[in-house]
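Here the structure comes first, spelled out in structure tokens, and everything after it is commentary.
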Amino acid sequence: MIKNYLNIAWRNIKKHKGFSAINGGGLTLGIASCMLLMLYVSYHLGYDHQFKNLDNIYVVQNNQPGDGKIYTFSATPGQAAAAIKNEVPGVVQTTRAENYTAGGLLTYNNNSFKKKGIFADPAFFSIFSYNFIKGDPAKALTQLNSIVISQDLAETLFGNSNPMGKIITRNNKVPLIVTGVIENVPANESYQFDFAIPYAQFEAEQPWTKTATWGSNFCQTYVQLKDAGSLNRANAILAPMVGKHADGDKNQLFLFPMAKLHLYDKFDNGKSAGGTIDQIHLFEILALCILLIACVNFMNLSTARSEERAKEVGIRKAIGSGRSSLIWQFIVESLILSMASTIIAVVILFLCIPFFNELLQIKMSVPVNEWYTWAIIIGIGVVTGLISGSYPAFYLSSFEPIKVLKGRFKGGKSALPVRKILVVVQFAFAIFLITATICIYRQIQYVQNMGNGYNQNNMVEVPIEGSLDKKSDILINELKEKGAITNGTQVSLSITESGNNTWGVEWPGKDPNSKILFDILNTGYDFTNTIGVKLVAGRNFSSQYPVDTAGKTIMINEAAVAVMHLKNPVGTQIKYQSQPVTIIGVYKDFVRGSPYEKVPPMVSQCDMGNGVAIALRLNPANSITANIDQVNKSLKSINPAYPPVINFVNADFEKKFENERVLGMLSNIFGGLAIIISCLGLFGLAAYAAEQRTKEIGVRKVLGASVTGITALLSRDFLILVAWAIPPAICLSVWLMNEWLQKYQNRITLSWWIMALASVITIIIALLTVSYQAIKAALANPVKSLRSE
């Protein structure tokens, strides 16, 4: 029986090669798109899941009230880890980690490489189950001068020789003994590092951390609980912990599951409010919708050919075939086509993954060695075949043999309303995707065109490493003499980054009950000219004023002036970190953190010894290449132990749009594929309609109908369906895109013309698709179509 089904199914597929190709092509694109999207979703859902006891690992989050709201961040006081271990029941172990200053230059046998690193307590490798190739995870970080390296780093430094016990020099200062080698950190892990060194080394390099109070938040703390049942009790003890140790400080700590750290990374007023998971859900829906569109195509084309299959069904029923056997025959046909499409889709998937990884800067792969991978792929093929073949099977098997064999049956009439609805749904989704793509693109352009308040062009940053911490002025002066730059200054944090802030600003007339969070950007001399930000009032920090480097003066931005309600800010004395300072200058607001949010109040002091980068304004009179060559030469001369690193500020700023760029890119790609799949179905329906009306077209041409008139006649019905898709698409677009835009403080307005443009684009694409078949039919010789009459 099954063999008979397969033979009949294969003969029908071969008999109608054109329709089988369109059906198969649509299913192939749909299945390939679905699998690629689901692989991307799986990549993000799998973040940090390589750790064995992930369900019992928590990151300590910090809720800080102020400005009438609650700020949430993962930085904690250095004392929190020990206090949690001692004071909270149910805690197995805790560890601190810090990666902001842990990177550096690693040297072995005169070979130097810059790598990413972390400082971590000895318990780090007990909590996080990294796979140790060599060494003992429980003892790897117990020695002060120990280092654990990745497999790739071990091969880079030592080749095939055993790295254990060998000495690596970090930053040309600290000798470190290799005490462990771990497998390379997976790309979908929250912590990315090439090596780990003891947290005690961080305290040795940064002595202030040993005496820092509970009010100073600078490291991340991780906690392992015995079980999830201990969580509520632990959080109840953690909430008042900072206030208990810091004389009434209102900060509240709480444990957040490590398993949710990547996906639920957004907090609103102290509570988890989604994050990356929202985007993942969108891609899950998109994958499902594209697959359903492909299935809809199959249903439409199969039911459209109902008249051809009617006689076959009638004869089979007349000689005794039951309806169930006919249903299974049609489903087997769809399963054969679906499984063939799945095989081709898998090939397309493997071909697309390298391109996709490069496009999105990720490292996803198909786990071909896992049984569940092939089970899922086969499952997708089978489910797709069952869904796409179900409606045609039940519909075609319902024909009455008497009507069919007497010639009183006209197929397709009862299926027509359903087919129309399915086409409308397809194109409504296509219009929505085009609307979403336009909206995302406009939102990114809107924020980029708002201006960030400073001149990104011709500005670069050089990280302060090695001897540059004491020779930044020498570098700046040398580059000025060589004509490579016009200005330069130290900065305490990259111009494109935020994260250093304080509540410690007081001013005359301030409400003692209010807490305002100020951003901090400490700089050297010539700040505004280097950054390219406008000086609104007062002056810059300057070597002509020794008081600037004594910590007695301060510069602020316009947002700070507005918060303080200062009419004449320059010359006003305020308190900064409990010390009296005088405002000497006001600079225009500029974007450092999220470009989608309002610029916060900001303060700057002149700090010549604690910068993390040197900002340089390249000389516009020279070519960028010439300027960069000179910067490289000077860096090699002044700081020879370190390979030169030069970061373009405009490129770093563009990274702030990464999430939106990915969302827009995937919407473009898969929205385009959804439209192509929909048009394949429309193409097939138009071809079949033209074939069914061949004689009618011949008669019309003989009676004088024009090519234009016939084309319009054949195209009209399909374009009406596309027009019907516009209202539901607009409703869906208004609802979902307004919800998406609410995430941003600086956002566009969803204009009517966006949806109008999406509708017009869809109509044009549909018209081009249908017109090809319509014109082809209209141009056919009527003699050939009527010669049998």
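Here are a few things to note about the model shown:
- Stokes-Einstein translational diffusion, the chain - Kirkwood Rh over all Cα pairs, 1.306 mPa s, 10 °C, in µm²/s: 51
- Full extension of the segment from VAL760 to ARG661, taken as 0.36 nm per residue of separation minus the current Cα-Cα distance, would add 33.2 nm.
- Note that the chain presents 46 Å² accessible area per residue, ligands and nucleic acids not counted, probe 1.4 Å.
- Gyration tensor (alpha-carbon) shape descriptor, segment 39-80, a/c threshold 1.5: oblate
- Subset of LYS534/LYS656; LYS115/LYS588; LYS114/LYS480; LYS226/LYS266; LYS116/LYS534; LYS85/LYS260 violating a 25 Å alpha-carbon distance limit: LYS115/LYS588; LYS114/LYS480; LYS226/LYS266; LYS116/LYS534
- Solvent-accessible surface (1.4 Å probe) assigned to SER112 amounts to roughly 50 Å².
- Look at the alpha carbon pairs under 8 Å that are at least 6 residues apart: their mean separation over the length of segment 545-667 gives a relative contact order of 24 percent.
- Each Lys or Arg adds one and each Asp or Glu subtracts one; over the other residues with Cβ under 14 Å from the Cβ of ASN746, this totals +2.
- Global form of segment 531-681, assessed from the alpha-carbon gyration tensor, a/c cut-off 1.5: oblate
- A straight chain from SER637 to ASN568 at 0.36 nm per residue would run longer than the Cα-Cα distance by 20.2 nm.
- The chain: calculated mean residue ellipticity at 222 nm from DSSP helix runs of at least 4, using -39500 (n - 2.57): -16500 deg cm²/dmol
- Computed 3J(HN,Hα) for segment 65-76, one whole-Hz value per residue from the Karplus formula 6.51 cos²θ - 1.76 cosθ + 1.60 where θ = phi - 60°, is x, x, 6, x, 9, 10, 8, 10, 8, 9, 7, 9, glycine and proline marked x.
- Computed over protein heavy atoms with a 1.4 Å probe, the carbon and sulfur contribution to the accessible area of the chain reaches 57%.
- When PHE51, PHE648 are compared by accessible area of protein heavy atoms, the largest-first order is PHE648, PHE51, using a 1.4 Å probe.
- Phi angles across segment 614-623 convert, under the Karplus curve 6.51 cos²θ - 1.76 cosθ + 1.60 with θ = phi - 60°, into 3J(HN,Hα) values of 10, 8, 10, 9, 5, 6, x, 6, 10, 6 Hz, Gly and Pro given as x.
- In this structure, the amide hydrogen of LEU105, modeled 1.01 Å from its nitrogen in the peptide plane, lies closer than 5 angstrom to those of ASN171, counting only residues at least 5 positions away or on a different chain.
- Kirkwood Rh in Å, taken over all unlike Cα pairs in segment 734-775: 12.5
- With DNA, RNA and ligands ignored, accessible area of ASP629 (1.4 Å probe; Å², nearest 10): 80
- Amide H contacts of ILE182 (H built 1.01 Å from N, in plane; Pro and chain starts excluded): ILE133, ILE149, SER150, GLN151 sit under 5 Å, all sequence-distant by 5 or more or on other chains.
- Solvent exposure, largest accessible area first (probe 1.4 Å, DNA, RNA and ligands not counted), of LEU779, LEU616: LEU779, LEU616
- Taking amide H as placed 1.01 Å from N in the peptide plane, VAL92 has its amide H under 5 Å from the amide H of GLN224, LEU225, LYS226, each at least 5 places away in sequence or on another chain.
- Among the helices of the chain, those built from whole DSSP H runs whose Cα atoms reach 27 Å or more along their own axis and whose mean Kyte-Doolittle hydropathy is at least 0.5 are 17-45, 276-304, 323-360, 371-396, 416-449, 658-692, 707-741, 752-778.
- Cα-based shape type of segment 146-294, given that a ≥ b ≥ c are square roots of the gyration tensor eigenvalues and the cut on a/c is 1.5: oblate
The values are calculated or read from the model by the stated rules, or taken from the named source; none is laboratory data. Bear in mind the structure is a predicted one, so any value in this text is a computation, not a measurement. Don't worry about glycine lacking a Cβ; one is built from the backbone with ideal geometry, like all the others, and counts go over all protein chains shown. All accessible areas refer to the heavy atoms of the entire protein, side chains included, with ligands and DNA or RNA removed. Shrake-Rupley method; radii C 1.70, N 1.55, O 1.52, S 1.80 Å.
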